[in-house]
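Student: The following block contains the structure, expressed as structure tokens.
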Amino acid sequence: MSQTPPPSKPPRLKEEGRAGGSLSASAIAGGVRSGETSAEEIVRGRLDAVKEGDSTIKAFLAVFEDGAMESARAVDRKRREGGRLGRLAGVPVALKDNMLVKGTITTCGSRILENYRSPYDATVVDLLKSEDAVIIGKTNLDEFAMGSSTENSAFFPTQNPWAPGHVPGGSSGGSAAAVAAGFAPVSLGSDTGGSIRQPAALCGIVGLKPTYGLVSRYGLVAFASSLDQIGPFSRTVEDSALLLDVIAAKDPRDSTSKAAPRGGYAEGLDAGVKGLRIGLPRQYFEAQGSDPEVVANVQEAIRALEAAGAVVAEASLPHTDYAVSTYYLIAPAEASSNLARFDGVRYGFSEKTAPDLASLYEESRGAGFGAEVKRRIMLGTYALSAGYHDAYYEKANRVRTLIRRDFEEAFESFDLLAAPTSPVPAFPMGERMKDPLSMYLADILTIPANLAGIPGISVPSGLTSKGLPVGLQLLAPAFAEKTLLRAAFALESARPFPRLGSND
């Protein structure tokens, strides 16, 4: 399909004239280090953009205006005094509100943590600060990262900047919308079943889920501990590589953190894809509920990679059809365990009028958790119960092993796999809220990578006839992020994508 956007362009969100509004993170950092621009000017421009545009988009739950400006001035002062500036000098970064920032409220999009103040920084926050990034705020999400549309936030839904009235995807919809709208050049989200890649596709930006264990989860409020992974959103592949360079590090505070080689992800991006073997999983192109226009768009983008020298052939992942049901046994089971700590005693909201301890637990959790969180806790508790543990939870883990082996076998023949990220473009708000199964199927193409622990990236591949973004997903073997990013960069170069608020 045509790469040219339809005549009715989406709103510009007043990017023109705003300091740093169309600049990449790498350009901002370079300009601040050289003195061509100041961190204060860049950050003030982004904060002003949030003030003007976020009343409509609602990407942020909290904006750290005073703290961000203080940090920006500290970066400028450090430069004037001849100090070494980091790789993200002066770069405004937004964080999904399930990552701890010391002294600030972390809600996880839930009433039960509405007034919870973080006592320490997450490891990724420490790493961002060590490279002179400026944290400008916390973004909206589905409650405890449980959802595919950001409509499950306890506070308000987030709008898709390309099409207000449509969802931005989820659960990291606020982080995706913040980047798409130009409020921040980069942001961080978490991906448990597609919560970075799916909203990246729906919002027309780049979203990277690293290999499980490559990025520390210390300071990330857990949803499903064997699936959760922090990763970046950006407008360019180069910026995602830059952010990964910063946040990928072995962390002794996270027992699942892997000692993978650090750094170098932003190097060699322009090496091309000549000779790279790319497999097209047949099951991903025939997924239930797939929009034919999305499939056609992705197929056209894959032909661009083929024209650039990649060798493309059909692949098969035979257990794909079982991924959603497997995920919705394992993830709720882990959530049931992880969320048991929110009991009205130790953290967050507490129903003070409860007459006894049992009532305190029941009433605090009943009032503090939303409907989707309660649904998944009940599913998980049932799956872990004595009578059903082997029949459901253990069987799901055995199928998870089969899904992992599917990928291992596919990667014996291919360097990468390519497919649509989401079976559909952004759907209207409210359309799937009363049908949980249809909402769960929004992640049908992203869930398998989490079950297998492999990296994946979503790159914009074009627009539908209605002007809605489409994303192409690339998947790679564990710790093959460099190959993944190189192919993503080649796709980005072959199919330039129009950006909100730019003159592209």
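Student: Students often get this wrong: which residues of segment 364-382 have the backbone nitrogen under 20 Å from the point 7 angstrom along Cα-to-C-beta of residue 225?
Tutor: Label zone hits: 376-382.
Student: For a Förster distance of 45 Å, can you work out the FRET efficiency between the beta-carbons of residue 359 and residue 80, rounded to the nearest 0.05?
Tutor: For R0 = 45 Å, the calculated efficiency reads 0.15.
Student: When ranked by the protection proxy of mean other Cβ atoms within 10 Å per residue, highest first, what sequence do the peptides 454-465, 230-241, 474-485 form?
Tutor: By packing density, highest mean first, the sequence is 230-241, 454-465, 474-485.
Student: Please work out the ratio of the alpha-carbon Rg of segment 264-324 to 2.2 N^0.38 Å and round it to two decimals. Could you put the intermediate results ahead of the total?
Tutor: Working: Rg = 14.2 Å, N = 61, 2.2 N^0.38 = 10.5 Å.
Here the Cα radius of gyration is 1.35 times the empirical estimate.
Student: Let me ask something else. Say a paramagnetic label sat at a point 7 Å from the Cα of residue 337, along Cα to Cβ; which residues of segment 228-271 have their backbone N under 15 Å from it?
Tutor: Answer for segment 228-271: 228, 255-256.
Student: Which of 139, 34, 418 sits closest to the plus end of the dipole of the chain, meaning its Cα is farthest towards the positive end, when Lys and Arg get +1 and Asp and Glu get -1 on the C-beta?
Tutor: Going by the charge dipole, the pick is 34.
Student: Can you give the three extents of the C-alpha atoms in the chain along their principal axes, from longest to shortest, in whole Å?
Tutor: Principal-axis extents of the chain (Cα, largest first): 63, 53, 46 Å.
Student: Using only C-alpha atoms and all pairs of different ones, pull out the Kirkwood radius for segment 355-504 in Å with one decimal.
Tutor: Averaging 1/r across every pair of different Cα atoms and inverting gives 19.0 Å.
Student: Just to confirm, what accessible area per residue do you get for segment 54-202 at 1.4 Å probe, in whole Å²?
Tutor: 26
Student: Given the rule -39500 (n - 2.57) for each run of at least 4 DSSP H residues, summed and divided by the residues of the chain, what is its mean residue ellipticity at 222 nm, to the nearest 500 deg cm²/dmol? Could you put the intermediate results ahead of the total?
Tutor: Working: 16 runs with 182 residues, N = 504.
About -11000 deg cm²/dmol.
Student: Nearest 5 percent is fine: what portion of the DSSP beta bridges confined to the chain is antiparallel? Don't jump to the answer; show the numbers that get you there.
Tutor: Working: 28 of 43 bridges.
In the chain, approximately 65 percent of DSSP beta bridges are antiparallel ones.
Student: If you bin every alpha carbon distance in segment 207-274 into 5 Å steps from zero, what whole percent lands in each bin?
Tutor: Per 5 Å bin, starting at zero, the Cα-Cα P(r) for segment 207-274 comes out as 3, 18, 25, 24, 16, 9, 4, 2, 0 percent.
Student: Can you tell me the accessible area per residue over segment 386-504, all protein chains present, probe 1.4 angstrom, in square angstrom?
Tutor: 37
Student: At q = 0.13, 0.15 Å⁻¹, what is the base-10 log of I(q)/I(0) for segment 262-383 according to the Debye formula with one equal point scatterer per Cα and no solvent? Please give it to two decimals.
Tutor: -0.78, -0.85
Student: Let me ask something additional. Sticking with the crude label model, points 7 Å out along Cα→Cβ, report the distance from residue 316 to residue 286 in nm, one decimal please.
Tutor: 1.0
Student: Along the charge dipole of the chain, which of 488, 326, 438 sits closest to the positive end, that is, farthest toward it, with unit charges on the beta carbon of Lys, Arg, Asp and Glu (+1, +1, -1, -1)?
Tutor: 488
Student: Going highest first, how would you order 424-432, 178-186 by mean Cβ packing within 10 Å?
Tutor: Details: 424-432: 19.0, 178-186: 30.3.
Those peptides, ordered most packed to least, come out 178-186, 424-432.
Student: Rounded to the nearest 0.05, what FRET efficiency do residue 274 and residue 73 give with R0 = 56 Å and r taken as the Cβ-Cβ distance? Could you check?
Tutor: 0.75
Student: OK, next. Please compare each pair in 209/250; 51/466; 274/482; 138/374 to a cut-off of 19 Å on the Cα-Cα distance and tell me which ones are over it.
Tutor: 51/466; 138/374
Student: Return the tail of the calculated pair distribution for segment 119-176, meaning the percent of Cα-Cα pairs more than 18 Å apart. Write down the numbers at each step before the final one.
Tutor: Details: 724 of 1653 pairs.
Roughly 44 percent, rounded to a whole number.
Student: Another question, then. Can you compute the equivalent ellipsoid semi-axes for segment 15-76, i.e. the square root of 5 times each eigenvalue of the Cα gyration tensor, sorted largest first and rounded to whole Å?
Tutor: Equivalent-ellipsoid dimensions as semi-axes: 21, 14, 9 Å.
Student: Here's a follow-up. Taking the Cα centre of the chain as the origin, how large is its charge dipole in debye, to the nearest 20, when only Lys and Arg (+1) and Asp and Glu (-1) carry charge on their Cβ atoms?
Tutor: Here the size comes out at about 600 debye.
Student: Next question. Tell me the relative contact order for the chain as a rounded percent, counting alpha carbon contacts under 8 Å between residues six or more apart.
Tutor: 19
Student: While we're looking at this one, here's another question. Is there a quick way to get the dipole size of segment 142-244? I mean about its Cα centre, with the Cβ of Lys and Arg at +1 and of Asp and Glu at -1; what is the value in debye to the nearest 20?
Tutor: That gives a dipole near 140 debye.
Student: Students often check this: by mean Cβ neighbours within 10 Å, which of 393-399, 47-53, 132-138, 247-253 ranks highest, and how do the rest follow?
Tutor: Numbers: 393-399: 15.4, 47-53: 18.9, 132-138: 26.9, 247-253: 17.1.
Highest-to-lowest ranking by the protection proxy: 132-138, 47-53, 247-253, 393-399.
Student: Given the convex hull over the Cα atoms of segment 327-412, what projected area results after averaging over all orientations, in nm²?
Tutor: Projected area, direction-averaged: 7.2 nm².
Student: While we're looking at this one, here's another question. Express the carbon and sulfur contribution to the solvent-accessible surface of segment 346-469 as a percent, rounded to the nearest whole number, probe 1.4 angstrom.
Tutor: C and S fraction of accessible area: 55 percent.
Student: Right, next: If you line up the Cα atoms of segment 446-504 on their principal axes, what length do they span on each, largest first, in Å?
Tutor: Projected onto its principal axes, the Cα set of segment 446-504 covers 38, 22, 17 Å.
Student: Take the alpha-carbon centre of segment 155-216, take the same for segment 77-111, and report the distance between them in whole Å.
Tutor: Comparing the Cα centres of segment 155-216 and segment 77-111, I get a distance of 18 Å.
Student: If you don't mind, there's one more thing I want to ask. With the dipole of segment 257-395 worked out from charges on the C-beta (+1 for Lys and Arg, -1 for Asp and Glu) around the Cα centre, which of 317, 347, 371 lies farthest toward the positive end?
Tutor: With unit charges placed on the Cβ atoms, the residue in question is 347.
The values are calculated or read from the model by the stated rules, or taken from the named source; none is laboratory data. What you are looking at is a predicted structure, and each value in this text was computed from that prediction instead of being measured. Virtual Cβ from ideal backbone geometry, glycine too; neighbours counted across all protein chains shown. For accessibility, only protein heavy atoms count, side chains too; no ligands or nucleic acids. Shrake-Rupley method; radii C 1.70, N 1.55, O 1.52, S 1.80 Å.
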